[in-house]
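Input: a single structure, listed below in structure tokens.
Bear in mind that the values in this text are calculations on the coordinates, not laboratory data. Small disclaimer: the values here were computed from a predicted structure and weren't measured. Every residue, glycine as well, gets a Cβ built from its backbone with ideal geometry; the counts of neighbours run over all protein chains shown.
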Amino acid sequence: MDDVLEVLVPTIMFLVIAAGFVGVIYGIRRVNKRDVRSEQDQAGLVQLAQERGWNYTAQIPGGAERYVGAPPFRAKGHFLWDHVAGEFRGHAVSCFEYRPRDFDADDAGTNDHRYFVAFTVTMPTPTPEMIIDRPNMLERADNRLNNVFGLGDNEVKLGNPEFDEDFRIITDDEPFARTVMTEDLVRFLLSDPRVKDGPLRFHGNELITWFEGRLRPDGIDAKLNYLCDALERVPAQAWHSV
């Protein structure tokens with residue numbers, strides 16, 4: 001009982017503090033949804049693809065189907081918008097917008113959407129599903145409760161206090177996670193500022209990152225470089241362990 005209280009008390013304190021941020025987070029979400037992209041930005045995507053010999057597709061009906069199962073892809077049947085695909089640093093890459101309906105909106109009965117941007121890089125082989133992210137305060141509190149009551153079985157702890165405190169690894173294949181998470185990759189994730197807004201998802205034969213916002217040509221290279229930097233730190237034995 002004492003062990004439970006030791007976790008519950010700080011967890012409740014976390015929740016109280018986190019409540020103060022709810023309004024701020026909600027406001028950010030509303031701003032993101034009103035993020036109207038200019039026609040110049042959209043034309044810039046087409047121009048970038050043409051200049052680099054990449055492919056641009058305005059919309060792919062049902063294209064999000066393959067990604068459903070983890071954030072931000074929460075529903076089947078959605079289009080992918082402004083899909084750009086090509087080669088970058090010797091890797092096959094893509095980026096696109098995903099625009100799910102926002103059923104939590106004040107005007108949920110109207111055509112109200114949220115906007116997400118995803119970037120992918122193709123891996124040598126398909127892998128088990130795995131997500132590496134930095135949970136927010138509410139997610140940390142939820143993780144603590146799950147661990148106390150034995151509900152966090154799919155979360156892998158590396159035994160590195162600094163990493164385990166800041167990051168969360170979610171997968172049903174712990175051996176794969178431990179193969180991937182070498183000291184080099186752990187150091188990279190702990191030190192690189194791009195990780196703050198760049199969760200990673202191993203899905204099929206793609207490594208994916210995403211953020212809430214709009215796809216603009218001037219933000220593409222930075223995200224693709226981040227993905228390639230992460231991928232190139234995955235050890236070769238990871239591709240042979242699946």
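Here are the numbers:
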| quantity | calculated |
| --- | --- |
| Packing rank of 224-237, 86-99, where each peptide gets the mean count of other beta carbons within 10 Å, highest leading | 86-99, 224-237 |
| Under-5 Å amide H pairs with E232, H placed in peptide plane, nonlocal only | none |
| Tensor-based shape of the stretch 159-214 (alpha-carbon gyration tensor, a/c under 1.5 rounded, otherwise prolate or oblate) | oblate |
| Relative packing of 117-128, 60-71, which averages over residues the other C-beta atoms within 10 Å, highest first | 117-128, 60-71 |
| Three-way shape call for the stretch 191-239 based on the alpha-carbon gyration tensor, with the a/c threshold at 1.5 | prolate |
| Under 5 Å, built H, 5+ apart or other chain: amide partners of G204 | T127 |
| Long-range amide H partners of H113 with built H, under 5 Å | D102 |
| Shape category assigned to the stretch 49-104 from the gyration tensor of Cα positions, a/c cut at 1.5 | prolate |
| HN-Hα J in Hz across the stretch 113-124 - Karplus 6.51, -1.76, 1.60, θ = phi - 60°, x for Gly and Pro | 10, 9, 10, 10, 10, 10, 10, 10, 10, 6, 8, x |
| In Hz, Karplus ³J(HN,Hα) per residue of the stretch 39-56 (6.51, -1.76, 1.60; θ = phi - 60°; x = Gly, Pro) | 4, 5, 4, 5, 5, x, 5, 5, 5, 4, 4, 5, 5, 9, x, 8, 9, 10 |
